[in-house]
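Structure record follows, encoded as structure tokens.
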Amino acid sequence: MKQHLQGEPDNQENGIYSRVTRRIMPILFLSYVVSYLDRVNVGFAKLQMMTDLNLSDTVYGLGAGIFFIGYFLFEIPSNLILHKVGARRWIARIMISWGLISGAMIFINSAPMFYLMRFLLGLAEAGFFPGVILYMTYWYPSARRGRIYAVLMSAVAVSGVLGGGLSGWIMQITSGVIGMAGWQWMFLLEALPAVLLGAIIFRALPDRIADAHWLDANEKQLLIRNLQQEELVKQHMDLAQVVRSVPVWHLTAIYFTLVMGLYGVSFWLPTMIKATGVSDILSVGLLTAIPYFAATLGMLLTGRSSDRYRERRWHLAVPMLLGGLGLLLSTLSHQNTPLAMLWLTVAMAGILSGIAVFWNLPTSLLGGIGASLGIALINSMGNLAGFASPFLIGWMKDLTHSTDAGMFMLTGSLLVGAVLTLMVRPVDSIIADTVIKGSTQ
């Protein structure tokens, strides 16, 4: 190992990072699969719940989106707490509390109760995703994070692949069992893994490199040194500086457009598939797996290519353009199920591939407490689109009796995001300016 620290070939270092990945990524990946499913399974519940409770599409859109108001309010405090108390305790707390609240969704019986439970779910889950993004910066230098973020974000796609069929199957076979509706059983059963994984994380996840008992002293030294070298050229900012930072707000605007696309599609995908002429709930669930499966492949390939070429902007802008094009063409062909599914698949693959690459930009620029603040700010403000998007689509659907206007809105959002992305200065030039500025002070 000592020879390696002095310049031995990279294959041994790669082996250490591979071991880190095998140790921490499986449980975080599974946790994000469960997190995303508990967040968007309301889209499947809608197929029964809205009729059972006599709720409109506007009510559904508002309830789906109000999750992100609670999420927004507690996002920055949550990431600051994680930075202070450690990932193991805080991520475990998040998962157990959101699992309990998600299971309690079975008690929804009115629009106000729907709004309240979705708001509380957002409060409980706030900080999970930005906390995990921040946690990755405790282990991997930026040059290695592209594919790691792609693997993590592919949990969204895997959740869609597994969750669609699972949700449809649960709702179909459990309807009426001991007097509970299928959507109630779905909320209850899909909440249990979050509580279980939270307990596992509390026992098994190391907070930082120094806590990893499965690394020896030399291996820890190597990983820490790699991170320390990178920290020298990052911007370390306090809350006031983060809030005043133009690049942070530029990145926030880009993320807002991405989230508009993601949750506009995610919350309404089952409804859009049903509108093409598919009536059976299980068939709708199985068809939703197709776009997510393609997105899994797209995310992994885009993340690997982004790391290989050390390029982020075009690897983000092009998927956003594909996402917008896919939504546009799926809307124009919504009466043809195979063709609509093809373009919905292109749209989902583009949107999720873009999100996988996006997080390389802020984590390459921000360090220390500024990273926890900046990541939380970008994620919380950007996720307000998760409120706006499903609500506006629901309102437009009640107004026009079609989701077409909403999909055109999402297309425009993604196109604007692609333009904003190409306006971002390359990370290397920003870092160079930071180093020059620091040397003249």
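Laid out as a table, the results:
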{"item": "Candidates TYR263, TYR255, TYR138: whichever shows maximal mean-square fluctuation once the chain is modelled as a Gaussian network with Cα springs under 10 Å", "result": "TYR138"}
{"item": "Residue-by-residue Karplus 3J(HN,Hα) for the stretch 379-386, coefficients 6.51, -1.76, 1.60, Hz, glycine and proline x", "result": "5, 5, 5, x, 6, 4, 5, x"}
{"item": "Fewest-first ranking of THR363, THR174, THR302, using other Cβ atoms within 10 Å as the exposure measure", "result": "THR174, THR363, THR302"}
{"item": "Amide N proximity, the stretch 188-207 versus LEU162 label position 7 Å along Cα-to-Cβ, cut-off under 16 Å", "result": "189-201"}
{"item": "Count of lysine pairs in the chain with Cα separation under 23 Å (8 or more residues apart, or interchain)", "result": "8"}
{"item": "Directionally averaged projected area (convex hull, Cα atoms, the stretch 75-129), nm²", "result": "3.7"}
{"item": "Global geometry of the stretch 186-296, whether rounded, prolate or oblate, following the gyration tensor of its Cα atoms and the 1.5 cut on a/c", "result": "oblate"}
{"item": "Placed amide H near HIS334: partners under 5 Å, 5+ positions off or other chain", "result": "none"}
{"item": "³J(HN,Hα) computed for each position of the stretch 310-317 - Karplus, 6.51 cos²θ - 1.76 cosθ + 1.60, integer Hz, glycine/proline x", "result": "6, 10, 10, 5, 5, 5, 9, 5"}
{"item": "Kirkwood hydrodynamic radius of the chain, Cα pairs, Å", "result": "22.1"}
{"item": "For the stretch 112-206, alpha-carbon Rg and Dmax in angstrom", "result": "17.0, 54"}
{"item": "Taking TRP268, TRP139, TRP314 and counting other C-beta atoms within 10 Å, the order from fewest to most", "result": "TRP314, TRP139, TRP268"}
{"item": "For LEU342, LEU392, order by how many other beta-carbon atoms lie within 10 Å, fewest first", "result": "LEU342, LEU392"}
{"item": "In sequence order, calculated HN-Hα J values of the stretch 327-339 (Karplus, 6.51, -1.76, 1.60; Hz; x Gly/Pro)", "result": "5, 4, 6, 5, 5, 6, 10, 5, 8, 10, 4, x, 5"}
{"item": "Calculated [θ] (222 nm, deg cm²/dmol) that DSSP helices of n ≥ 4 give over the chain, each run adding -39,500 (n - 2.57)", "result": "-28000 deg cm²/dmol"}
{"item": "Relative contact order of the chain, pairs being alpha-carbon contacts under 8 Å that are 6 or more residues apart, as %", "result": "26"}
{"item": "Estimated FRET transfer efficiency (THR337, ALA240; beta-carbon r; R0 56 Å; 0.05)", "result": "0.60"}
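Each value in this text was obtained by applying a stated rule to the coordinates, not by laboratory testing. Nothing here was measured: the structure is a model prediction, and the numbers come from that model. In this analysis, Cβ positions are derived from the backbone assuming ideal geometry, glycine residues included, and neighbour counts consider all displayed protein chains.
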